Amino acid sequence: MDKENLVALYRQMVLIRVFEDRAAEMYAKAKIAGFLHLYNGQEAVAVGSVSALHPDDDVVVNYRDHGWALARGSSARAVMAELFGRATGTTGGRGGSMHLVDVKNRFWGGYAIVGGHLPLAAGLAAAAQYLKTGRVTLCSMGDGSTNIGTFHAALNWAKLWNLPVIFLVENNQYAMGTHYDVHSAVPMLQKAAGYNMYAEEVDGMDVMAVREAVCRVAERARKGEGPSFLNVVTYRYRGHSMADPDVQRDKAEIAQWRERDPIVRFATDVLLKRNLVTPKELEDIRESVEREVEDAIEFADKSPEPALDTLYDYIYQQPVRNMQIAGSLIRPPTIAKDIPTNGKHA
Amino acid sequence: MAEITYREALKRALREEMQRDPTVVIWGEDVVAYAGGGAYGVTSGLAKEFPGRVRDTPIAEEAIIGVGIGAAMGGMRPVCEIMTVNFTLVAWDQIVNHAAKQSHMFNGQIKVPMVIRTPNGHGRTAATHSQNFDAWFAHVPGLKVVAPSTPYDAKGLLKTSIRDDDPVVFLEHLQLYGTRGEVPDEEYLIPIGVSDYKRRGKDVTIVTWGRMTMESLKAARILAEEGIDVEVVDLRTLRPLDLSLALESVHKTNRVIVVEEGWRTAGLGAEIAASLQEMAFNDLDAPIARVAGLEVPMPYARNLERATLPFAEDVIAAVHAMMQKQY
Ligand SMILES: Cc1ncc(C[n+]2csc(CCOP(=O)(O)OP(=O)(O)O)c2C)c(N)n1
């Protein structure tokens, strides 16, 4: 990788970090509602992975998706506006934080049901295989997702049909508050072995390690060698979501992981060590990112809410005749004025 | 015009659409291997005609639907067969949270042109295998739900469903596969969301669909001998629901009976009755009546199963009650 691309990786990781910190503030100010799952600590996974893919490969992820959308090329403005529930957001305010989608970047979302997106990823890969597009599908999930039926159904199917799909476990070691040791009966790689699937363990705090691993398995997929599995070991710095007081994790453990911070580590071990940048240049990058996120917040705040008359849009791609006759569709949309904007539930 | 079975009509629809569009594929459990094609024989022979395009899948309904959704997102038109409606429960999350919501929640960026074909209804198989889930699917915005009653409708609607850009739940009735009807050799399509008069009459309107259309027609023939003239409206599509013909019919007959096979409480009949009452209250000479299945998990024993399900005689009884009461 040349200097420019390496610096771009750094900038993207910083963008995600700053974006998430500011999103947390906006949540505290009740500008953002519902669940908000932040990505702090895991930046190297999305950034390293996306940098290894082609622009027209397919990416599908779970609800911890802001970092992925940004890495995949959605603008900070569109992502922030979506969190604010505005018309200018990635899905016009209909998906919210957990359902970011940007199909022009072949970023398919943003799925909030644990494990629900794994078969979809296999399906995208099946389409690529059938239509001979040469695309690879990357499907990221949390460690907690590896115990649900869809995980096993999707891996089994992908292996049977030799699909070009990468199942990437973003193993931050916790499913909400439940540690990996408590929720998984077997070590992660053994699950892949159960389906006779090529697998690697990867240091998720090292963006270059993630990039290299994804390059390797994507290459396998492109050569027709089928699905693979990456256990990317990482850590999230914040609680599961903004609603999580995070009392269950040991503070010393968190501190220990923070010492391996992917951004600091990449700056020190790669960029500075190889004299690719000066400390001043790194400072400039951070400042420009802060301006970008500040601009995104202003943009989101000034953006209109989606127009009420769009409420029924796209329920169907192909609306049918007589649809308005149906009892459920004859009422015009009405919206209560005072919808609480900041859910206090878990 | 040839008389063919409902099963054969479905197969012809599949064949014609596969010939027309190479992105149409059929995936499901035993759609190739078992007895030549599918537990109910709908796909038999197609695997040979279309190599690589009809594929057996693992017994993993959540994946059959989910992989179908992903493939549809990726540019294909999969027809996913779920062996019987009972097993759609395993895939309910995929159907409701994913297939139905992709388009709206993602602001039109994603389309899911897939068909979920599945036999619905009973067959002396007891409570886990004799169910009718019309109302469940019809409840979900984003799904299109089709339930044809004749071979003619089955063929024309399946072809349209395959060409549709939205997820279609295509409910085939187990008890209709062997029924026969006229189906033209030349191509035709029936639009989704358009109901149909299956019999014209002036005294009572029956609003129904699926197997109950056949039972209602049988009832109408018997009632005609007594001089009661029944009009039968077959909804054909259960979501979006087209009540325009039902409404037109009520204006004329002033009496409505909704006939459904499934459980009555929170069933589709309740929705239809309520909607017609909202739209045509002044036309009604009698309260809207409902004929429905009894609310028990389906028993196996022949007499108990029969007692649980509505048949023509139940429709006749409901018509008699309505005509005899003085309101
Ligand atoms: C089927 C399902 N069950 C439960 C939940 C509630 N839930 C949301 S996130 C989560 C934890 C998932 O952890 P993991 O898969 O490790 O993902 P991470 O949050 O680490 O990215 C749970 C239980 C859900 N969304 N879906």
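The values are calculated or read from the model by the stated rules, or taken from the named source; none is laboratory data. Predicted, not measured: the structure shown is a model, and the values here were computed from it. Here the Cβ positions follow ideal geometry from the backbone for every residue, glycine too, while neighbour counts run over all protein chains shown. Ligands, DNA and RNA are stripped out before the accessible areas are found, and what is left, the full protein with its side chains, is counted by its heavy atoms. Shrake-Rupley method; radii C 1.70, N 1.55, O 1.52, S 1.80 Å.
Taking segment A:20-68 as the search range and keeping residues that are within 14 Å of chain B (Cβ to nearest Cβ) and in a loop (DSSP other than H, G, I, E, B), which one is nearest to the ligand (Cβ to nearest atom)? Break it down stepwise before answering.
Filtering segment A:20-68 for residues within 14 Å of chain B (Cβ to nearest Cβ) gives A:34, A:56-63, A:65.
Pick out the ones that are also in a loop (DSSP other than H, G, I, E, B) and you get A:34, A:56-57, A:63, A:65.
Values: A:Gly34: 12, A:Asp56: 26, A:Asp57: 21, A:Tyr63: 7, A:Asp65: 9 Å.
Applying the filter and picking the extreme gives A:Tyr63.
Examine segment B:156-176 for a residue that is out of contact with any helix residue (DSSP H, G or I) (no Cβ under 6 Å at 6 or more places or on another chain), open to solvent by less than 20 Å² (accessible area, probe 1.4 Å) and among the basic types (Lys, Arg), and state whether such a residue exists. Steps first, please.
Filtering segment B:156-176 down to residues out of contact with any helix residue (DSSP H, G or I) (no Cβ under 6 Å at 6 or more places or on another chain) leaves B:156-157, B:160-161, B:163-166, B:171-172, B:174.
Add one more test, that the residue is open to solvent by less than 20 Å² (accessible area, probe 1.4 Å), and what stays is B:156-157, B:161, B:164, B:166, B:171-172.
Still in the running and among the basic types (Lys, Arg): none.
No: segment B:156-176 contains no residue that is out of contact with any helix residue (DSSP H, G or I) (no Cβ under 6 Å at 6 or more places or on another chain), open to solvent by less than 20 Å² (accessible area, probe 1.4 Å) and among the basic types (Lys, Arg).
Any idea which of (1) closer than 17 Å to B:Val145 by Cα; (2) in contact (Cβ under 8 Å) with a residue 24 or more places away in the chain; (3) at the interface with chain A (Cβ under 9 Å from one of its Cβ atoms); (4) not aromatic (Phe, Trp, Tyr) is the one B:Val67 doesn't satisfy?
Every condition holds for B:Val67 apart from (1).
Could you look through segment B:227-250, keep only residues that are open to solvent by less than 10 Å² (accessible area, probe 1.4 Å), within 13 Å of another protein chain (Cβ to nearest Cβ) and in a strand (DSSP E or B), and pick out the one that is farthest from B:Gly267 (Cα to Cα)?
Among those residues, the one meeting the criterion is B:Val233.
Which residue is farthest from B:Gly38 (Cα to Cα), if the candidates are limited to segment B:79-91 and must be more than 11 Å from chain A (Cβ to nearest Cβ) and not in a strand (DSSP E or B)?
In the first step, residues of segment B:79-91 are kept if they are more than 11 Å from chain A (Cβ to nearest Cβ); the result is B:79, B:81-89.
With the extra rule that they be not in a strand (DSSP E or B), the set shrinks to B:82-89.
Values: B:Ile82: 10, B:Met83: 8, B:Thr84: 10, B:Val85: 14, B:Asn86: 16, B:Phe87: 15, B:Thr88: 16, B:Leu89: 19 Å.
Among them, the one singled out is B:Leu89.
Please give the number of the condition A:Thr91 fails out of (1) within 16 Å of the ligand (Cβ to nearest atom); (2) among the polar types (S, T, N, Q); (3) not in a helix (DSSP H, G or I).
With (1) within 16 Å of the ligand (Cβ to nearest atom); (2) among the polar types (S, T, N, Q); (3) not in a helix (DSSP H, G or I) applied to A:Thr91, the lone miss is (1).
For segment A:94-113, name all the residues that are touching a Phe, Trp or Tyr at 6+ places or on another chain (Cβ under 7 Å), in a loop (DSSP other than H, G, I, E, B) and within 19 Å of A:Arg135 (Cβ to Cβ).
A:Val101
Where in segment B:1-78 are there strands (runs of 3 or more DSSP E), lying fully within it, with 2 or more residues that are closer than 24 Å to A:Gly149 by Cα and at pLDDT below 95?
none
If you check A:Ala267 against the conditions, is it more than 16 Å from the ligand (Cβ to nearest atom), surrounded by fewer than 17 Cβ atoms within 10 Å (Cβ to Cβ) and in a helix (DSSP H, G or I)?
Details: more than 16 Å from the ligand (Cβ to nearest atom): yes; surrounded by fewer than 17 Cβ atoms within 10 Å (Cβ to Cβ): no; in a helix (DSSP H, G or I): yes.
The answer is no for A:Ala267.
Taking segment A:151-185, which residues are within 14 Å of chain B (Cβ to nearest Cβ), open to solvent by 10 Å² or more (accessible area, probe 1.4 Å) and within 26 Å of A:Val47 (Cα to Cα)?
Residue satisfying the conditions is A:Pro164 alone.
Within segment A:277-314, can you find the residues that are part of a loop (DSSP other than H, G, I, E, B) and at pLDDT below 95?
The answer is A:Ala307, A:Leu311, A:Tyr312, A:Asp313, A:Tyr314.
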